[in-house]
2 protein chains.
Amino acid sequence: MKPGPRRSVSQSDLVAAAFELLEQKGFAAVSVRGVAAALGLTPTAMYTYFPSKQALLVAMVEELLSGVAGQSSGADASPEAARDFLVVTAVALRARLREHPGAIALVTSGPLDGARALGLAERLGEAFLTSGAGDVDTAARAAHALLALVLGQVALETAWGEASEIEPAALWSDAPPHPITDAGAALGVREGAEGEFRLAIERLVDAWR
Amino acid sequence: MKPGPRRSVSQSDLVAAAFELLEQKGFAAVSVRGVAAALGLTPTAMYTYFPSKQALLVAMVEELLSGVAGQSSGADASPEAARDFLVVTAVALRARLREHPGAIALVTSGPLDGARALGLAERLGEAFLTSGAGDVDTAARAAHALLALVLGQVALETAWGEASEIEPAALWSDAPPHPITDAGAALGVREGAEGEFRLAIERLVDAWR
DNA sequence: ACCTGAACACCGTTCAAGT
DNA sequence: ACCTGAACACCGTTCAAGT
């Protein structure tokens, strides 16, 4: 079943193979050639399924975001339920992004304007509305800020997580001490303990209600 | 003055040339070969100045962050002055990141553990402490969250900014409507109007005091 | 319609050699 | 010490050709 006018794999297969590479060898290893080879295809065969590598990455982001926000946002639920939805969704999104090393590189490299990304932003806005945000404009701003906090937090966690592996000798350098930042490191702020994250999310959510 | 055992350029020259490329051709164009060529050097000559491309990128991030937070954080100032410092610093950091297209790709690709990045986090923590944060731990968490919000906000602005150029025809697609998100777009949330940004920062800062 | 093979214009990095 | 030139093992993408 090598050549022939019949489709041998699917778009989903390419996305799955790409995630396999992302998980095992990092973002840099997610190449057109690598993905194609993992499926026994020639690099050029990929262009039958996606118009470009960028399109493949967008499909990966969509896959990553799928299912993060449940079907119902709780538009007809109580303010307390809506608040819970916001916190739970933020925690779930962070967990999803942390599952795959290099996921933020993926998210920040590929545009976030897919249907799933916009749908997620919309659900967050709805939840802010029923949880106590005064009007639609405020809800939109709040949803934007919540999404930004989650993204930035994961980006910082990843950056600082990688960094600590590289230069442990920096402790003996002549750099000035950082008592507060070090206290944060001891707290697990850098490593991204879930409790710390949830606390920050709750503060932001409550600030917009 | 082609060869010879005398240093013909400096590390700063390489960083400057790299920013020139970043500004004019985007993050993907910041290559070892491109930077070297801009200075009339061979690609391999760069490895006399930096041990790797990654080291060059880290130097760029440090340059980007330099001067964002002033010398004094206002540790001996009033709580109100400290609050102002936090907001002003966040706004300045965002402006700095937005100056160069592809700056977030740079920041998220290269680690943020340079001296400047840690120093910035420390100054923010100090300011939170004098502005009303109860203890060192809370200040560390607050500084982390503020940094994350700025980073994530710029990342979202960039992603949505690029996206809107690609597919204006999506308005006519069969996708479900997004009234809240669209209201946000009309507000300038996506494009990143400074007023919207400052408002979100103030909410987060006040939530931690 | 789907896929291959060759080709184009690139990458980061290493290494021996020159001055 | 600083730099060049050649080389290695890669990239994304295009294009003509096969079935």
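Determine, yes or no, whether B:GLN24 is part of a helix (DSSP H, G or I), near DNA strand C (Cβ under 8 Å from one of its atoms) and not assigned by TED's automatic domain parsing to the domain that holds B:LEU118.
Numbers: part of a helix (DSSP H, G or I): yes; near DNA strand C (Cβ under 8 Å from one of its atoms): no; not assigned by TED's automatic domain parsing to the domain that holds B:LEU118: yes.
Here the answer is no, as B:GLN24 does not meet what is asked.
Just one of A:VAL91, A:VAL68, A:VAL58, A:VAL107 is within 16 Å of the chain's Cα centre (by Cα), modelled with pLDDT of 90 or more, closer than 26 Å to B:THR108 by Cβ and more than 16 Å from DNA strand D (Cβ to nearest atom); which is it?
Numbers: A:VAL68 fails: modelled with pLDDT of 90 or more; A:VAL58 fails: more than 16 Å from DNA strand D (Cβ to nearest atom); A:VAL107 fails: modelled with pLDDT of 90 or more.
Going through A:VAL91, A:VAL68, A:VAL58, A:VAL107 in turn, just one is within 16 Å of the chain's Cα centre (by Cα), modelled with pLDDT of 90 or more, closer than 26 Å to B:THR108 by Cβ and more than 16 Å from DNA strand D (Cβ to nearest atom): A:VAL91.
Inside the stretch B:184-198, can you point out the residues that are of a type in the set (Gly, Ala, Ser) and part of a helix (DSSP H, G or I)? Please lay out each step first, then the result.
Just the residues of the stretch B:184-198 that are of a type in the set (Gly, Ala, Ser), to begin with: B:184-186, B:188, B:192-193, B:195.
B:GLY184, B:ALA185, B:ALA186, B:GLY195 - these are the residues of the stretch B:184-198 that are of a type in the set (Gly, Ala, Ser) and part of a helix (DSSP H, G or I).
Which members of the stretch B:95-104 meet the condition of being open to solvent by 30 Å² or more (accessible area, probe 1.4 Å) and either free of Cβ contacts under 8 Å to residues at least 60 places away in the same chain or assigned to a helix (DSSP H, G or I) (or both)? Let's see the steps before the verdict.
First pass over the stretch B:95-104, keeping only residues open to solvent by 30 Å² or more (accessible area, probe 1.4 Å): B:95-96, B:98-99, B:101.
B:ALA95, B:ARG96, B:ARG98, B:GLU99 - these are the residues of the stretch B:95-104 that are open to solvent by 30 Å² or more (accessible area, probe 1.4 Å) and either free of Cβ contacts under 8 Å to residues at least 60 places away in the same chain or assigned to a helix (DSSP H, G or I) (or both).
Would the stretch A:159-180 turn up any residue that is within 25 Å of the chain's Cα centre (by Cα), of a type in the set (S, T, N, Q), under 21 Å from B:GLY119 (Cβ atoms) and modelled with pLDDT of 70 or more? Before the answer, list the steps.
Here is the first cut: in the stretch A:159-180, the ones within 25 Å of the chain's Cα centre (by Cα) are A:159-166.
Checking which are of a type in the set (S, T, N, Q) leaves us with A:164.
Going one step further and asking which of them are under 21 Å from B:GLY119 (Cβ atoms), we end up with A:164.
In the following step, the residues that additionally are modelled with pLDDT of 70 or more were identified as none.
Checked the stretch A:159-180: no residue is within 25 Å of the chain's Cα centre (by Cα), of a type in the set (S, T, N, Q), under 21 Å from B:GLY119 (Cβ atoms) and modelled with pLDDT of 70 or more.
Could you check how many residues of the stretch A:184-205 are touching a residue at least 40 places away in the same chain (Cβ under 8 Å) and surrounded by 15 or more Cβ atoms within 10 Å (Cβ to Cβ)? Working first, answer last.
Taking the stretch A:184-205 first, the residues touching a residue at least 40 places away in the same chain (Cβ under 8 Å) are A:192, A:194, A:197-198, A:200-202, A:204-205.
From what is left, the residues that are surrounded by 15 or more Cβ atoms within 10 Å (Cβ to Cβ) are A:192, A:197-198, A:200-202, A:204-205.
Selection size over the stretch A:184-205: 8.
Name the residue, out of A:GLY119, A:GLY67, A:GLY40, that is more than 16 Å from DNA strand C (Cβ to nearest atom) and at positive phi. Give the steps one after another, and end with the answer.
On the way: A:GLY119 fails: at positive phi; A:GLY40 fails: more than 16 Å from DNA strand C (Cβ to nearest atom).
Just one listed residue meets the conditions, A:GLY67.
Can you tell me how many residues within the stretch A:27-49 are part of a loop (DSSP other than H, G, I, E, B), surrounded by 14 or more Cβ atoms within 10 Å (Cβ to Cβ) and within 9 Å of DNA strand D (Cβ to nearest atom)?
The number of residues fulfilling the criteria is 2.
What are the residues in the stretch A:105-123 that are outside any helix (DSSP H, G or I) and not small (Gly, Ala, Ser), if any? I'd like the intermediate steps shown before the answer.
Let us first name the residues in the stretch A:105-123 that are outside any helix (DSSP H, G or I), namely A:110-114.
Hits for the stretch A:105-123 are A:PRO111, A:LEU112, A:ASP113.
State which residue is farthest from the other protein chains (Cβ to nearest Cβ) when the search covers only the stretch B:4-26 and only residues that are of a type in the set (S, T, N, Q) and within 13 Å of DNA strand D (Cβ to nearest atom). It would help to see each step written out before you state the result.
If we filter the stretch B:4-26 for residues that are of a type in the set (S, T, N, Q), which is where we start, we get B:8, B:10-12, B:24.
Pick out the ones that are also within 13 Å of DNA strand D (Cβ to nearest atom) and you get B:8, B:10-11.
Values: B:SER8: 29, B:SER10: 22, B:GLN11: 18 Å.
This residue is B:SER8.
Among the residues of the stretch A:50-63, which ones are open to solvent by 30 Å² or more (accessible area, probe 1.4 Å) and within 14 Å of DNA strand C (Cβ to nearest atom)?
A:PRO51, A:LYS53, listed by residue number.
Just to be sure I understand, how many residues within the stretch B:124-141 are in a helix (DSSP H, G or I) and either open to solvent by 50 Å² or more (accessible area, probe 1.4 Å) or within 15 Å of B:VAL87 (Cβ to Cβ) (or both)? First the steps, then the outcome.
Initial filter on the stretch B:124-141 (in a helix (DSSP H, G or I)): B:124-131, B:136-141.
Keeping just the survivors that are either open to solvent by 50 Å² or more (accessible area, probe 1.4 Å) or within 15 Å of B:VAL87 (Cβ to Cβ) (or both) gives B:124, B:126-131, B:136-137.
Number of matching residues: 9.
The values are calculated or read from the model by the stated rules, or taken from the named source; none is laboratory data. These numbers come from a predicted model, not from an experiment. With ideal geometry, Cβ positions are generated from the backbone for all residues, glycine too; neighbour counts draw on all protein chains shown. SASA here: full protein model, heavy atoms, side chains in, ligands and nucleic acids out. Shrake-Rupley method; radii C 1.70, N 1.55, O 1.52, S 1.80 Å.
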